[in-house]
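What follows is a single structure, written as structure tokens, with notes after it.
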Amino acid sequence: MHQSNRRSAKRYVIDGLMVEIGGFSHDTIDVSRLAVSIVRRADVDYSRLNARCEFKNAKASELNRPIASLEFGHRRGVAVVLKYALAGREFQSRDWENILSRHDVRADWVALEDVFA
């Protein structure tokens with residue numbers, strides 16, 4: 001996936017969502033149905049992602065999902081972007097995006113209006 005594809009996909013910020021890669025937990029920055037941005041750890045080689053991976057969230061069990069494939073996208077500062085596909089055929093569609101949107105902490109934010117126009 002090219003970086004612009006990730007930018008065009010709707011991204012969600014979810015409280016407490018972690019990505020576990022080979023037993024190492026990573027805080028997420030944001031997630032789309034195509035990719036996830038995580039806080040990089042010095043002790044993980046992201047160019048070789050063949051360990052067991054899964055999304056975990058202690059607050060919402062519907063977010064706990066095994067990841068079938070995970071691929072390095074790019075690194076910028078403390079963030080690493082990983083392309084992913086979920087295990088299970090039912091989550092290859094927009095169902096996963098609906099789950100993500102329900103847990104987005106920004107879902108009830110109201111956009112600011114330009115009061116000086």
Please verify whether ARG75 is among the basic types (Lys, Arg), assigned to a strand (DSSP E or B), open to solvent by 50 Å² or more (accessible area, probe 1.4 Å) and at pLDDT below 95, treating the condition exactly as stated.
yes
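Kindly evaluate LEU34 against the criterion of being surrounded by fewer than 17 Cβ atoms within 10 Å (Cβ to Cβ), more than 13 Å from VAL19 (Cβ to Cβ) and modelled with pLDDT under 95.
no
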Look at LYS59 and say whether it is over 14 Å from the mean Cα position of the chain (by Cα), surrounded by fewer than 19 Cβ atoms within 10 Å (Cβ to Cβ) and touching a residue at least 40 places away in the same chain (Cβ under 8 Å).
yes
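Within the stretch 38-56, can you find the residues that are open to solvent by 60 Å² or more (accessible area, probe 1.4 Å) and within 15 Å of the chain's Cα centre (by Cα)? Break it down stepwise before answering.
Filtering the stretch 38-56 down to residues open to solvent by 60 Å² or more (accessible area, probe 1.4 Å) leaves 40-43, 45, 47-48, 50, 52, 56.
Selection gives ARG40, LYS56.
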Scan the stretch 15-29 residue by residue and report those that are out of contact with any Lys or Arg (no Cβ under 9 Å at 6 or more places or on another chain) and either under 14 Å from ALA60 (Cβ atoms) or in a helix (DSSP H, G or I) (or both).
THR28
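The values are calculated or read from the model by the stated rules, or taken from the named source; none is laboratory data. Predicted model only: the values in this text are computed from it and were never measured. Heads up, the Cβs are rebuilt from the backbone with ideal geometry, glycines too, and the neighbour counts pull from every protein chain shown. For the accessible areas, the whole protein counts, side chains as well, though only heavy atoms, and no ligand, DNA or RNA atoms are used. Shrake-Rupley method; radii C 1.70, N 1.55, O 1.52, S 1.80 Å.
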